[in-house]
Amino acid sequence: MVSTSSSSPSSFMSSLCSAALRKKTLNVGPSDNHTPRAPQDEGGLVRRLGVYELVLIGVGASIGAGIFVITGTVAHDAGPGVTVSFTLAGLACVLNALCYAELSSRFPAVVGGAYLYTYAAFNELTAFLVFTQLMLDYHIGAASIARSLASYFVSMLELIPALKGNFPSWIGQGGKEFFGGVISINLLAPVLLVILTIILCRGVGESSVLNSFMTATKIIIVLFVIFVGAFEVDVSNWSPFAPNGVKAIITGATVVFFAYVGFDAVANSAEEAKRPQRDLPIGILASLLICAILYIAVCLVITGMLPYNLLGEDAPLADAFTAKGLHYVSILISVGAVAGLTTTLLVGLYVQSRLYLGLGRDGLLPSIFAKVHPKCHTPIHSQVWVGIVAGILAGLFNVHELSHILSVGSLTGYSVVSACVISLRWKDKASSHLSANWLSTRREGLICLIVVACCGFFAGLSYRFGASFIFIIVALFLAIAAVAALHFRQVYADPPGFSCPGVPFLPAASIFFNIFLFAQLHEEAWVRFVVLSIIATGVYITYGQYHADPVGSNYSIAYHRAPTEEI
């Protein structure tokens, strides 16, 4: 632990740097794939999730607002090219998912996801910054989805003639606004959050059953919608394919990127997976592939059914089928939207609690977040906290207005995860002694990674503001040179379990493309990134550096001996 009795600014800075640069060492081996059973009263998490449940967690986290809402919003700008937007975002996420798959296989028995990987590959402060950026995305996203779910739920109830028009705005339809819209009261959204939080507190088994049922329901409905809609497609609606040019398609890719975040949820299920080293990579890649296929198919169908400028932005699927006189399909879509948003919200709340659990164990947050209920085997305190934060945001504020600052945490977090793959593969990093040569080699590698990221951002800015194409070529050339240095001047070791192909090229391409998309975000998103980073650094300086325990010795049983449910 770092001493709090710093006697001078220089000693304080020395202590701060020493703490901030600490790494987490996890002795995770192949034996973790068959983790020994621990007594039930130890309060660890329970391994109940097989590969089927993990795939459904990934699909459940992704298929929701992406299909039932975002498709119409992006189509208004990108036209039928929204299909390409989803394809580009999907390809970027494939690169990210391959990196996640390797790291989830490398650290198969521990919760924490991107935060944990950063802690092990880089340092404590960077890991804490990754956590805060991701967590803000999750908190705002959960509140926004809760409001959308409340609206869809009321719309579904209003299909009953006796109830139509009898729900005031403060129940679920948007919200009752005060003070010029600064406060927007919505009572149904917090109620739905309370129900889902209770289910998650009861146990991963109960929440997994609900997620599996609701996810299967929405997949069946989406497949039915694709099948029926395919017979109503008029190919002339696909022309012009990109009415506002390629730039609108690229911008659309940044908007829909957040629709693919389900694989991060799978990675955060590591401590509750039955055979994590095998099943986590399968769950990550399979869920992403399923989501990409469904997104692209839905985009082709709805832009073929109606001209892109006639699609509604709130409920594009329902509008398309209503326009064709297929009202019964619109009813099914409402049911599918409720199921889809429910699972997205459920998994989002689940992931947040596991991230808080990881930081509570490591001391970067108060220890109450690390407590696991001895009977339910869930981090109840973390789960309740997550539900409270989402409930306050959803009940009092119109969080949809904050949607344009989302994706910042995801894009930066995924970039760091890709860098972790390269860093953890460096053979010198595994050596038993630290020589001056090792330090210079590692420093050189880090500089190359930073160059790739900076080139991606510069290329993205050049494209966004219509600068000469030569600037993009120069940025790409410099990035390729940095990757070449990573390839020829670094030695890489083979990881245990699943191996990401094409290291360092594929992870470097992931970093470049993620930061390129980051440059397309609204300026307010950049401000949010900087301000939140400053606040998080302040929290770390005043609390985290003094309480962090990267060894995690107090939680070795919870990390490595989570009990396996009897079959």
From largest to smallest, what semi-axes in whole angstrom does the stretch 154-199 give when each is the square root of 5 times an eigenvalue of its alpha carbon gyration tensor?
20, 19, 5
By average Cβ neighbour count within 10 Å, what is the ranking of 383-390, 469-476 from highest down?
383-390, 469-476
Let a ≥ b ≥ c be the square roots of the eigenvalues of the Cα gyration tensor of the stretch 492-548; is it rounded (a/c under 1.5), or, if not, prolate (a/b larger than b/c) or oblate?
oblate
Eligible lysines near Lys176 by straight Cα distance, threshold 22 Å, same-chain separation 8 or greater:
Lys164
Expected 222 nm ellipticity per residue - DSSP helices of 4 or more, -39500 (n - 2.57), all of the chain, to 500:
-21000 deg cm²/dmol
Relative to the longest principal axis of the chain, what angle (0 to 90°, nearest 10) does the C-alpha long axis of helix 245-256 take?
70
How much net charge surrounds Met305 when only the other residues with a Cβ under 10 Å from the Cβ of Met305 are counted, with Lys and Arg +1 and Asp and Glu -1?
-2
Could you tally the net charge around Asn96, taking each other residue with its Cβ under 14 Å from the Cβ of Asn96, Lys/Arg +1 and Asp/Glu -1?
-2
Amide H neighbours of Tyr492 under 5 Å, counting only residues 5+ apart in sequence or on other chains, H built in-plane at 1.01 Å?
Lys427
Can you send over the solvent-accessible area of Asp319, 1.4 Å probe, protein chains only, in Å² to the nearest 10?
60
The chain: angle of helix 505-518 to the longest principal axis, Cα-based, in degrees nearest 10
60
Magnitude of the Cβ-charge dipole of the stretch 435-549, K/R +1 and D/E -1, about the Cα centre, nearest 20 debye?
180
Excluding Phe258 itself, what net charge comes from residues whose Cβ is under 15 Å from its Cβ, given Lys and Arg +1 and Asp and Glu -1?
-1
Net lengthening on full extension, Ile473/Glu524 (0.36 nm per residue, minus Cα-Cα)
15.6 nm
Taking 0.36 nm per residue of separation between Thr537 and Lys375 and subtracting their Cα-Cα distance, the length gained on full extension comes to 54.7 nm
Ordering Trp238, Trp170, Trp526 by accessible area with a probe of 1.4 Å, largest first, what comes out?
Trp170, Trp238, Trp526
Counting only protein heavy atoms and using a 1.4 Å probe, what share of the accessible area of the chain belongs to carbon plus sulfur, as a whole percent?
70
Can you give the accessible area of Ser403, probe radius 1.4 Å, in Å² rounded to 10?
60
What percent of all Cα-Cα pairs in the chain falls into each 20 Å bin, going from 0 up to the bin containing the maximum distance?
21, 55, 22, 1
Bounding extents of the stretch 74-126 in its principal axis frame from Cα atoms, largest first in Å, are 43, 24, 15
Over the chain, with the other protein chains present, what is the accessible area per residue in square angstrom, probe 1.4 angstrom?
39
Whole-Å semi-axes of the stretch 66-216's equivalent ellipsoid, largest first, each the root of 5 times a Cα gyration tensor eigenvalue?
34, 22, 18
Enter the accessible area of Met214 (Å², nearest 10), with the probe set to 1.4 Å and all protein chains included.
30
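The values are calculated or read from the model by the stated rules, or taken from the named source; none is laboratory data. Note that the structure is predicted; figures quoted are calculated from it, not measured. Don't worry about glycine lacking a Cβ; one is built from the backbone with ideal geometry, like all the others, and counts go over all protein chains shown. Ligands, DNA and RNA are stripped out before the accessible areas are found, and what is left, the full protein with its side chains, is counted by its heavy atoms. Shrake-Rupley method; radii C 1.70, N 1.55, O 1.52, S 1.80 Å.
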